[in-house]
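Step one of this worksheet: look at the structure below.
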Amino acid sequence: VEIAAGHVLTSRGWTSPGIIDVRDGRIVEIRSGAAPSDRMAIPGMPNLHSHAFQRALAGRTERGSPAGHDSFWTWRTEMYELAGSIRPDDLEVIAAMLYVEMLEAGMTSVGEFHYVHHQPDGTPYADPAEMSRRLVAAAARTGIAITMLPVLYVHGGFGAPPSDLQRRFVMGVDRYLAIVEALRSANVATGVAPHSLRAVGEAELRDLLAGAGRCPIHIHAAEQAREVEESLAHLGARPVRWLLDRIGVDERWCLVHATHMDDGEVADLARSGAVAGLCPTTEANLGDGIFRGVEYATSGGRFGIGSDSHVVVDPAEELRALETSQRLIHRRRNLLQDDGSGRHVGRYVWSAAARGGGIALGRGGAIEAGLPADVVILDLAHPRLAGLSPNEALDAFILGSAHGAIAEVYVNGDRRVEGGRHRLHDEVVRAYRRRAE
Ligand SMILES: [Zn+2]
């Protein structure tokens, strides 16, 4: 397979025009050669944090309750109620819709932080990995690359028993590791995910890490200010600080959110090599707070992006929210950029998030020989991109809203999106509507 474009964003810069040679799903080389000038190839974006079932909640939680004071915690109760009603068939239909949306938006891989393991009454399914397998099936059908991150959920909160609404999630470490093993023996890329320091105690975390082997480790950390207060009360340290000092965090780790960090945590997390898993549109929607992007990035910290609750499924919008939130705080412009990206914000945030997401999911992340051929083709004839240099076009795509600019999307060298649409778009939408109505 050859993917040709007038401009190809490789990890060494632009090749214009360029041809990406692909064999067995991987990039063999990027060479110069004749190609249509109105096509621009950029790395496919890993979506490092997804709870697929929450896609069905979009639009259903934006009305204020009569009591007022709506927050992350009141949203979470509504989310739990939805989680209680999702059956395996529902999950597969919802995930297929979501994965088509991701692919059409330029996301080529997904990390499923998956915790709805059991039947609605809390009894495990005959196959304890039933719900995980439905996500894997939806990914296989739509062609997105999936990294399963089955979630260990033991406690209802710091030192608290699980509530009825959490009974589909909870299990001990042994049963949890059996699910991880079942997925691995089915050749599914699988990491581990202790849900949070709220839901997993130190002893369980250590058992999980000892049993997991070398693989990606994802955890929710410091999403809410209240979570930081509870962590200080129960563990004697802020969540990120506790993980850094007590457990040790390195490039295998992805700390999802990491919203509330003090100066020392920002510097030490950046130095650890871990990936901060940022979900700016969800964090904004839930009122979490603003990640300290400028301080973290200037300390050399790695990051990637996730669509998390899927209130928005659009990597450009996640990255735009990341940069613009920093501008609003600092009252300055063009904050996330570096020499390597020619000081272009769009190119910097896209390349850095693709690279960080690739590390967090254990695949891809750049257009580079040896990596999976996960590639997005932008249409430079789109009116929002017309007449711009490649760097400016990437800025316009990310900082503006160039809807419809994605022409093609490749995963492992297979074209999954053509003319902006996934081949299964119509039938997946039909099934989704039928379930929703
Ligand atoms: Zn999450």
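The values are calculated or read from the model by the stated rules, or taken from the named source; none is laboratory data. Bear in mind the structure is a predicted one, so any value in this text is a computation, not a measurement. FYI the Cβ positions are ideal-geometry reconstructions off the backbone, even for glycines, and counts take in every protein chain you see. The protein model used for the area step is the full one, side chains on, heavy atoms only, and it has no ligands, DNA or RNA in it. Shrake-Rupley method; radii C 1.70, N 1.55, O 1.52, S 1.80 Å.
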Nearest-ten-degree value, helix 88-104 long axis tilted from longest Cα axis of the chain: 30 degrees
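For a quick protection proxy, order the peptides 393-404, 79-90 by their average other-Cβ count within 10 Å, most packed first.
Numbers: 393-404: 19.7, 79-90: 15.3.
Taking the mean over residues of other Cβ atoms within 10 Å, the ranking is 393-404, 79-90.
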Cβ crowding within 10 Å averaged over residues, with 195-201, 177-183, 430-436 ranked highest first: 195-201, 177-183, 430-436
Highest average packing first - 409-421, 322-334, Cβ atoms within 10 Å: 409-421, 322-334
Percent RCO, i.e. relative contact order, over the chain, from Cα pairs under 8 Å lying at least 6 residues apart: 20 percent
FRET efficiency estimate (nearest 0.05) - Cβ-Cβ, residue 206 to residue 369, R0 45 angstrom: 0.70
Backbone N under 18 Å from the residue 58 label point (7 Å along Cα→Cβ), restricted to region 77-93: 79, 82-83, 90-93
Helix-derived mean residue ellipticity, 222 nm - over the chain, DSSP H n ≥ 4, -39500 (n - 2.57), to 500: -11000 deg cm²/dmol
Other-chain or far-sequence residues with amide H under 5 Å of residue 70's (modelled H): 65
Nonlocal amide H pairs with residue 146, under 5 Å, H built at 1.01 Å: 110
Residue-normalised accessible area of region 1-51, expressed per residue, 1.4 Å probe, Å²: 42 Å²
Hz values of 3J(HN,Hα) by residue in region 343-353 - Karplus curve (6.51, -1.76, 1.60), Gly and Pro given as x: 6, 8, 4, x, 5, 5, 5, 5, 5, 5, 5
Residue among 151, 349, 311 with the largest mean-square fluctuation in a Gaussian network model of the chain, springs linking Cα atoms under 10 Å: 311
Within a Gaussian network of the chain (alpha carbon springs, distance under 10 Å), most fluctuating of 215, 279, 254: 215
Vicinal HN-Hα couplings computed from phi for region 126-131 (Karplus, 6.51 cos²θ - 1.76 cosθ + 1.60; Hz; Gly/Pro x): 3, 9, x, 9, 3, 5
Mean Cα-pair separation over length for region 218-263, i.e. relative contact order, pairs under 8 Å, 6 or more apart, %: 59 percent
Region 43-114, accessible surface, carbon-and-sulfur percent (1.4 angstrom probe): 48 percent
Accessible area per residue in Å² at 1.4 Å probe, computed on region 163-261: 39 Å²
Label-zone membership for region 392-431, site residue 334, 7 angstrom Cα→C-beta point, backbone N under 18 Å: 392-400
Percent of beta bridges antiparallel (DSSP, the chain, rounded to nearest 5): 50 percent
Portion, in percent, of the accessible area of region 276-366 that falls on carbon or sulfur, probe 1.4 Å: 47 percent
